[in-house]
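Can you keep this structure in mind? I'll have questions shortly.
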Amino acid sequence: MSIAICIVYSRQDEKLREQLETYLAPFKQLDLFSSWQDCTIGEDQGWQHELEDCLSGAQMVLLLVSESFIASDYCYSVELEQLAAQHQSGARCVIPIILQPVAWQKTPLGQFRVLPRDGQAVTDWADQDQAFFSITRGVKAAVRRLNLEYENRLRLQLYGQDFYTAIQRKYPLSPSALNKLKQAQEALKLGGESVALAEQRILLQTLYSQLRDLLTCAQWQAADQETVTLLLRLARRTSEGYLTPDSIRQLPCRDLQLIDQLWVEHSHGRFGFRVQKRIWQSLGGQLNSEYLTYSQFGERVGWRNREQWLRTEDEISFSLDAPIGHLPAKIYFSGFWIGFVIWPSLFARRDW
């Protein structure tokens, strides 16, 4: 992939910019750069619009840092903050190039990795050819990283299409479907965290989008019902309408984590399986706990009031004012005694 580059500099540094472009010229000849634009800051009227045009579509931005650049409004502008945020997110590659000895570390530029090597200004090098060589080597390495990231994104997109197709056919995935996806990963030379994050993003955009939207809008009751629907689907017990200890042990860990993550995030840490599990364990809860432990847990999460257990959905409090750990709750109210074996079985799992 050829990189679109934008060079931002002060007019007073024209001579050094021309020298830099001479050293970077071979990159153009090798088609490493698809486009090349320069933009001066702070002098001519309308330079902001010129800069906006220069940055548009640029994957790499070189900031030529000097006394004039540091003194400009741009060095402390919202636009530079936005550029820094884009660099952090990986949307652009931003490289400050230190032309003159200035206190750039104490400016917003201090958050970037700079060139030449060790941040030594070009004009401070005994041999400026070596300074520019250090810069070109650093830029070339950055171009290589951008190309690798671009190729990896393309491979992840291709794998994402396969994963999306697979989950639309049947979810949870069958062993044969999982094997085909594994083969696709190997063919595309993918694996590890990047694949897991890509799959998670697709799941959140598809199977878990309704739960996410309901929780975002604080529709707690509907979100609780959607949680029941999802768990029964994952356990392949939709027709039965309730879970069993064995089916809970078979629930995919990743899906439990996603559902829990959505509840925890949108309730600001008040609701979710993780919250309930923490309370249960704090009381010494185990798979075969005594009735007293169940009662104490019920009182803590608001499922027990005045020595009476909640029996119906109408008694559940669908509000952020409910006790910590109160929701989700409906999956535990499939039946009185069923609930007593559901939450210990869920909280006993050690893989989430």
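Rounded to the nearest 5, what is the percent of antiparallel bridges among the DSSP beta bridges in the chain? The partial results should precede the final answer.
Values: 2 of 20 bridges.
The antiparallel proportion sits near 10 percent.
Using the alpha-carbon atoms, what tilt in degrees (0 to 90, nearest 10) does helix 14-29 show relative to the longest principal axis of the chain?
70 degrees
Classify segment 79-163 as rounded, prolate or oblate from the Cα gyration tensor: take a ≥ b ≥ c as the square roots of its eigenvalues, call it rounded if a/c is under 1.5, otherwise prolate when a/b beats b/c and oblate if not.
Details: a/c = 4.96, a/b = 1.86, b/c = 2.66.
Because a/c hits 1.5 or more and a/b fails to exceed b/c, segment 79-163 counts as oblate.
Please work out how much length the chain gains when fully extended from residue 313 to residue 286, using 0.36 nm per residue of separation minus the C-alpha to C-alpha distance, in nm with one decimal.
Numbers: separation 27, 0.36 × 27 = 9.72 nm, distance 2.58 nm.
Full extension of this stretch gives 7.1 nm more.
Something else now. Over segment 51-202, with the other protein chains present, what is the accessible area per residue in square angstrom, probe 1.4 angstrom?
Heavy-atom SASA per residue in segment 51-202 reads 55 Å².
Counting other Cβ atoms within 10 Å of each Cβ, which GluC sites (Glu not before Pro) in segment 278-352 have at most 13 and sit in a DSSP loop?
On the way: sites: 290, 299, 307, 313, 315; in loops: 290, 307.
Qualifying residues, ordered by number: 290, 307.
Separate question: If a paramagnetic tag sat 7 Å from the Cα of residue 105 along the Cα-Cβ line, which residues of segment 54-76 would have the backbone N under 11 Å from that point?
No residue passes the distance filter.
Sticking with the crude label model, points 7 Å out along Cα→Cβ, report the distance from residue 268 to residue 340 in nm, one decimal please.
Rounded to a tenth, the inter-label distance reads 3.7 nm.
Tell me which trypsin sites (Lys or Arg not before Pro) from segment 166-273 have a DSSP coil assignment and no more than 10 other beta carbons within 10 Å of their own.
Details: sites: 169, 170, 180, 182, 189, 201, 212, 233, 236, 237, 249, 254, 270; in loops: 170, 189, 236, 237, 270.
Those satisfying the criteria are 170, 189.
Additional query: Contact order normalised by length for the chain, with contacts defined as Cα pairs under 8 Å and 6 or more residues apart; what percent is it? Present the calculation step by step, with values, prior to reporting the outcome.
Values: 402 pairs, mean separation 37.4, N = 352.
Over the chain, the number comes to 11 percent.
Quick one: helix 273-282 against the long Cα principal axis of the chain, what's the angle to the nearest 10°, folded into 0 to 90?
So the helix axis and the longest Cα principal axis differ by about 60 degrees.
Averaging sequence separations of C-alpha pairs under 8 Å and six or more residues apart, then dividing by the length of segment 57-163, give the relative contact order as a whole percent. The partial results should precede the final answer.
On the way: 108 pairs, mean separation 24.6, N = 107.
It comes to 23 percent, rounded to a whole number.
Where does the chain land on Rg(C-alpha)/(2.2 N^0.38 Å)? Before the final figure, lay out the partial values.
On the way: Rg = 28.7 Å, N = 352, 2.2 N^0.38 = 20.4 Å.
Ratio of Rg to 2.2 N^0.38 Å for the chain: 1.40.
Okay, next question. May I ask you to list the aspartates and glutamates whose Cα is less than 16 Å away from that of residue 330, ignoring any residue fewer than eight positions away on the same chain?
224, 226, 240, 260, 313, 314, 315
Separate question: What's the Kirkwood radius of segment 227-269 in Å, using all Cα pairs?
Across segment 227-269, the inverse of the average 1/r is 10.9 Å.
P(r) of segment 140-217 in 5 Å steps, Cα pairs, percent per bin?
3, 14, 22, 21, 15, 11, 8, 5, 2, 0
Given Cβ point charges of +1 (Lys, Arg) and -1 (Asp, Glu) and nothing else, what value in debye, to the nearest 20, does the dipole of segment 239-316 about its Cα centre take?
On the way: 10 positive and 11 negative charges, 67 e Å.
That gives a dipole near 320 debye.
Still on this structure, I have one more. Under the 0.36 nm per residue contour assumption, what length would be gained going from the current alpha-carbon distance of residue 305 and residue 236 to full extension? Walk me through the numbers on the way to the answer.
Values: separation 69, 0.36 × 69 = 24.84 nm, distance 3.32 nm.
In short, 21.5 nm is gained.
Any idea how far apart residue 278 and residue 170 come out in nm if each label point goes 7 Å out from Cα toward Cβ?
Result for the modelled spin labels: 3.9 nm.
From the P(r) of segment 1-71, can you give the percent of Cα pairs sitting at distances over 15 Å?
Values: 1330 of 2485 pairs.
That tail contains 54 percent of the Cα-Cα pairs.
Setting aside same-chain residues fewer than 8 positions from residue 182, which lysines have a Cα under 23 Å from its Cα?
170
Here's another thing I want to ask about it. Classify segment 161-312: rounded, prolate or oblate, from the alpha-carbon gyration tensor (a ≥ b ≥ c, eigenvalue square roots; a/c under 1.5 rounded; otherwise prolate if a/b is larger than b/c)? Let's see the in-between values first.
On the way: a/c = 2.15, a/b = 1.92, b/c = 1.12.
In terms of gyration-tensor shape, prolate.
Let me ask you something else. What distance in nm separates the two pseudo spin-label positions at residue 77 and residue 229, each 7 Å out from Cα along the beta-carbon direction?
Here the modelled spin labels are 4.9 nm apart.
Can you give the extra length, in nm with one decimal, that the chain gains between residue 221 and residue 50 once fully stretched, where that is 0.36 nm per residue apart less the Cα-Cα distance? Intermediate results must be reported in sequence, preceding the final value.
Numbers: separation 171, 0.36 × 171 = 61.56 nm, distance 5.22 nm.
Gain on extension, residue 221 to residue 50, equals 56.3 nm.
Tilt of helix 336-347 relative to the longest C-alpha principal axis of the chain, in degrees (0 to 90, nearest 10)?
Taking the Cα atoms of the chain, the angle to 336-347 is about 30 degrees.
Just how far, in whole angstrom, is segment 247-313 from segment 20-79 if you go by their alpha carbon centroids?
Cα centres, segment 20-79 to segment 247-313: 55 Å.
The values are calculated or read from the model by the stated rules, or taken from the named source; none is laboratory data. What you see is a predicted model, and the numbers here were worked out from it, not measured in a lab. Neighbour counts are summed over all protein chains in view; Cβ atoms, including those assigned to glycine, are modelled from backbone coordinates with ideal geometry. These area figures cover heavy atoms from the full protein model, side chains too; ligands, DNA and RNA do not enter into them. Shrake-Rupley method; radii C 1.70, N 1.55, O 1.52, S 1.80 Å.
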